[in-house]
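Asker: Below is a structure I'd like to ask you about.
The values are calculated or read from the model by the stated rules, or taken from the named source; none is laboratory data. Computed from a predicted structure; not experimentally measured. A quick note on method: Cβ atoms are made from the backbone with ideal geometry, for glycine too, and the neighbour counts reach across all protein chains shown.
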Amino acid sequence: MAKMAAAVGSMATLAAEPGEDAFRRLFRFYRQSRPGTADLGGVVDFSAARPACGAGPDGRQVVRSPLNVTSVSEQNARRAGLEPVSKWRAYGLEGYPGFIFIPNPFLPGSQRHWVKQCLKSYCQKPNVCNLDKHVVEGETQNLWAQSRDFLRSEHGSKRRPRSLLEKLRWVTLGYHYDWDSKKYSADHYTPFPSDLAFLSEQVAAACGFQDFQAEAGILNYYRLGSTLGIHVDRSELDHSRPLLSFSFGRSAIFLLGGLRRDEAPTAMFMHSGDIMVMSGLSRLLHHAVPRVLPGPDEERLPRCLDAALPAPLPADSVLEACPEEDWRVCAGYLSAARVNVTVRQVLAPGQGFPPEPAEGECHPLDGDSPGKRARLAPL
């Protein structure tokens, strides 16, 4: 307890120092933090049986968040691989209205489906990914087939060349997000995956957003050493709809700040299977990922990924079985990585994209450049 108090005190001192903004200072602190030491003593862990109140560097209290239990039937929850909503635990943080954290509500084995989809299905063409600008056209047609032999080896050499999947940094689904213009466009629209849309709609409904429509997704693929810079997700044209975030694989530290970067953020762990919902005021807050954490045993994945899906699956399930051979590839990837899926509704009902500005007309852009947004490990 004394170590945690000391860590919280040192972070509060860091946040109060003049010069560099408070968010950047704490981002740098956690990026350089040492797992297993007092450095992480002030990080909120919602997965604990009873999350410690006032665990953030600014002493924010952890509160219980109500869920709409009757909005999602047990059958629909099961179809998406989720526990009945009545069994979920949901939390918020004092001072962050609209922020909801749901520690792993997935049924045993169901996370394997979503991991496999992120590595085998969602990253395939016609979806756009970061590799399109770095490799010869055609090489990204089937990243899974080109990478599985590298990844399914249980004891792969750390010095071997990285597979294309290991070089993957982001994929866009549905309406494509242009990292340069910071705008969504229908020009590169691809059909949004029906299974992910169904999962997102059930989670949104449980959090009070029954009319949520999954229109765009951004998948971020993190290696150990990867970070996601400080930013605000404001490119969606309808901010009244929530942003949903799903985490799989290695744990990470997530920082949630304020409307200004001089407000010190609260740090929290994101573990495999955890879901975050940002809505209301929290929808437009600064946030970042300064650190992906190695496991205590580098060869072992989080225990929630141990179980396989039951066979046979219910006929109405949106999940697909993950063959053991496929899971060996996924496990090889996740041994040093995590995947984060964010799902968004871009347009309000009946809304369309505004016309592009005429040639020569300029629109102001957000202050964060793509380089600041995603400080991911280099290819």
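Asker: Just checking, does the stretch 317-338 include any residue being β-branched (Val, Ile, Thr) and not in a loop (DSSP other than H, G, I, E, B)?
Answerer: Taking the stretch 317-338 first, the residues β-branched (Val, Ile, Thr) are 318, 329.
Among the residues that remain, those that are also not in a loop (DSSP other than H, G, I, E, B) are: 329.
Scanning the stretch 317-338, I find at least one residue that is β-branched (Val, Ile, Thr) and not in a loop (DSSP other than H, G, I, E, B), so the answer is yes.
Asker: Also, quick follow-up: Being part of a loop (DSSP other than H, G, I, E, B) and at pLDDT 90 or above is the filter here, so list the residues in the stretch 43-66 that pass it.
Answerer: Residues of the stretch 43-66 part of a loop (DSSP other than H, G, I, E, B): 43, 45-61, 65-66.
43, 45, 46, 47, 65, 66 - these are the residues of the stretch 43-66 that are part of a loop (DSSP other than H, G, I, E, B) and at pLDDT 90 or above.
Asker: Only one of 69, 128, 62, 136 is touching a helix residue (DSSP H, G or I) at 6+ places or on another chain (Cβ under 6 Å) and among the hydrophobic types (A, V, I, L, M, F, W, C). Can you tell me which? I'd like the intermediate steps shown before the answer.
Answerer: Values: 128 fails: touching a helix residue (DSSP H, G or I) at 6+ places or on another chain (Cβ under 6 Å); 62 fails: touching a helix residue (DSSP H, G or I) at 6+ places or on another chain (Cβ under 6 Å); 136 fails: touching a helix residue (DSSP H, G or I) at 6+ places or on another chain (Cβ under 6 Å).
Of 69, 128, 62, 136, the one residue that is touching a helix residue (DSSP H, G or I) at 6+ places or on another chain (Cβ under 6 Å) and among the hydrophobic types (A, V, I, L, M, F, W, C) is 69.
Asker: Pick from 196, 224: which is buried (at least 20 other Cβ atoms within 10 Å of the Cβ) and either in contact (Cβ under 8 Å) with a residue 60 or more places away in the chain or closer than 29 Å to residue 265 by Cα (or both)?
Answerer: Values: 224 fails: buried (at least 20 other Cβ atoms within 10 Å of the Cβ).
Only one candidate passes the filter, namely 196.
Asker: Here is a follow-up. Can residue 93 be described as closer than 30 Å to residue 257 by Cβ and not hydroxyl-bearing (Ser, Thr, Tyr)? Explain how you work it out, then say what you get.
Answerer: Values: closer than 30 Å to residue 257 by Cβ: yes; not hydroxyl-bearing (Ser, Thr, Tyr): yes.
So residue 93 passes the test.
Asker: Among the residues of the stretch 229-260, write down those that are part of a strand (DSSP E or B), within 26 Å of residue 117 (Cβ to Cβ) and at pLDDT 95 or above. Before the answer, list the steps.
Answerer: So in the stretch 229-260, the residues part of a strand (DSSP E or B) come out as 229-231, 243-249, 252-256.
Now restrict to residues that are within 26 Å of residue 117 (Cβ to Cβ): 231, 243-249, 252-254.
Across the stretch 229-260, the qualifying residues are 243, 244, 245, 246, 247, 248, 249, 252, 253, 254.
Asker: Taking the options 267, 288, 214, name whichever one is touching a strand residue (DSSP E or B) at 6+ places or on another chain (Cβ under 8 Å), assigned to a loop (DSSP other than H, G, I, E, B) and in contact (Cβ under 8 Å) with a residue 12 or more places away in the chain. Write out each step before concluding.
Answerer: Values: 267 fails: assigned to a loop (DSSP other than H, G, I, E, B); 288 fails: assigned to a loop (DSSP other than H, G, I, E, B).
Result: 214 is the single residue among 267, 288, 214 that is touching a strand residue (DSSP E or B) at 6+ places or on another chain (Cβ under 8 Å), assigned to a loop (DSSP other than H, G, I, E, B) and in contact (Cβ under 8 Å) with a residue 12 or more places away in the chain.
Asker: Please go through the stretch 242-278 and pick out each residue that is closer than 24 Å to residue 183 by Cβ and over 17 Å from the mean Cα position of the chain (by Cα).
Answerer: 259, 260, 261
Asker: Out of all the residues in the stretch 116-123, is one or more within 12 Å of residue 167 (Cβ to Cβ), part of a loop (DSSP other than H, G, I, E, B) and under 21 Å from the mean Cα position of the chain (by Cα)?
Answerer: Within the stretch 116-123, one or more residues are within 12 Å of residue 167 (Cβ to Cβ), part of a loop (DSSP other than H, G, I, E, B) and under 21 Å from the mean Cα position of the chain (by Cα).
Asker: Does residue 230 meet the test of being within 12 Å of the chain's Cα centre (by Cα), farther than 21 Å from residue 347 by Cβ and either surrounded by fewer than 20 Cβ atoms within 10 Å (Cβ to Cβ) or β-branched (Val, Ile, Thr) (or both)?
Answerer: Values: within 12 Å of the chain's Cα centre (by Cα): no; farther than 21 Å from residue 347 by Cβ: yes; either surrounded by fewer than 20 Cβ atoms within 10 Å (Cβ to Cβ) or β-branched (Val, Ile, Thr) (or both): yes.
Spelling it out, it is not the case that residue 230 is within 12 Å of the chain's Cα centre (by Cα), farther than 21 Å from residue 347 by Cβ and either surrounded by fewer than 20 Cβ atoms within 10 Å (Cβ to Cβ) or β-branched (Val, Ile, Thr) (or both).
Asker: Return the total of residues in the stretch 288-312 being crowded, with 20+ Cβ neighbours inside 10 Å and farther than 21 Å from residue 104 by Cα.
Answerer: Qualifying residue count for the region: 1.
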